[in-house]
1. What are the aspartates and glutamates whose alpha-carbon lies under 15 Å from the alpha-carbon of residue 47, with same-chain residues fewer than 8 places away excluded?
2. Enumerate the aspartates and glutamates that residue 24 could reach by cross-link, defined here as Cα to Cα under 12 Å, with residues fewer than 8 away along the same chain left out.
3. On the accessible surface of the chain, probed at 1.4 Å, how many percent belong to carbon and sulfur atoms?
4. If we sort 63-70, 108-115 on the protection proxy, mean other Cβ atoms within 10 Å, highest first, what's the order?
5. Taking Cα centroids, how far is segment 73-123 from segment 47-71 in Å?
6. Rolling a 1.4 Å sphere over the protein heavy atoms, what is the accessible area per residue of segment 66-114, to the nearest Å²?
7. Could you tell me whether the chain comes out rounded, prolate or oblate from its Cα gyration tensor? Rule is a ≥ b ≥ c as square roots of the eigenvalues, rounded for a/c under 1.5, then prolate if a/b exceeds b/c, otherwise oblate.
8. Which residues make up the longest stretch of the chain clear of chymotrypsin sites (Phe, Trp or Tyr not before Pro) that lie in a DSSP loop with no more than 14 other Cβ atoms within 10 Å, not counting the sites?
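The values are calculated or read from the model by the stated rules, or taken from the named source; none is laboratory data. Only a predicted model underlies this, so the values are computations on that prediction, with no experimental measurement involved. Neighbour counts run over all protein chains shown; Cβ positions are idealised from the backbone, glycine included. The area values use the complete protein model at the heavy-atom level, side chains included, leaving out ligands, DNA and RNA. Shrake-Rupley method; radii C 1.70, N 1.55, O 1.52, S 1.80 Å.
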Amino acid sequence: DFSAWPCLSYTLACGQTPNRKPVKQALTGSLNGDAARGKVLANERSKGNCVACHRIQGAEQPGSKGLDLTAYGTWGRSDEETYTLVYDMRWRNPDTVMPPIGANQVLNDQELRDVIAFLQSSK
């Protein structure tokens, strides 16, 4: 019985489960993130837990369900776009499996900025 687990979808049947609405959150001001702290957060399974799904720099036993982010900084995405996507991907893709890291307050604003700085420094 998986009824206690939230569903992130709004188009699948499980989307009838009450959940926070998707949020398109813009980055305010300059990024001012710390890439070293972001790397720790992204690799920390009890916090950011990016490694559950993604291959990222410094990951031990990374996941393979999500995109390989080891060279994310070469993709040409801006800090603003990256912040918005990590904050809550559901505004772009309602059926994403990416958890709404910011909307669900998994990471606070500064922690998000640090993770974005880490991703942008990954080359």
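1. Hits, sequence-local ones excluded: 109, 111, 114.
2. Partners found: 80, 81, 88.
3. Working: 3820 of 7240 Å².
Here carbon and sulfur together make up 53 percent of the probe-accessible area.
4. Numbers: 63-70: 13.8, 108-115: 19.6.
Highest-to-lowest ranking by the protection proxy: 108-115, 63-70.
5. With segment 73-123 and segment 47-71 each reduced to a Cα centre, they are spaced 13 Å.
6. Working: 2280 Å² over 49 residues.
Per residue, segment 66-114 has an accessible area of 46 Å².
7. Working: a/c = 1.88, a/b = 1.44, b/c = 1.30.
It comes out prolate by the Cα gyration axes.
8. Values: sites that count: 2, 10, 75.
Formally, the longest exposed-site-free interval is 11-74.
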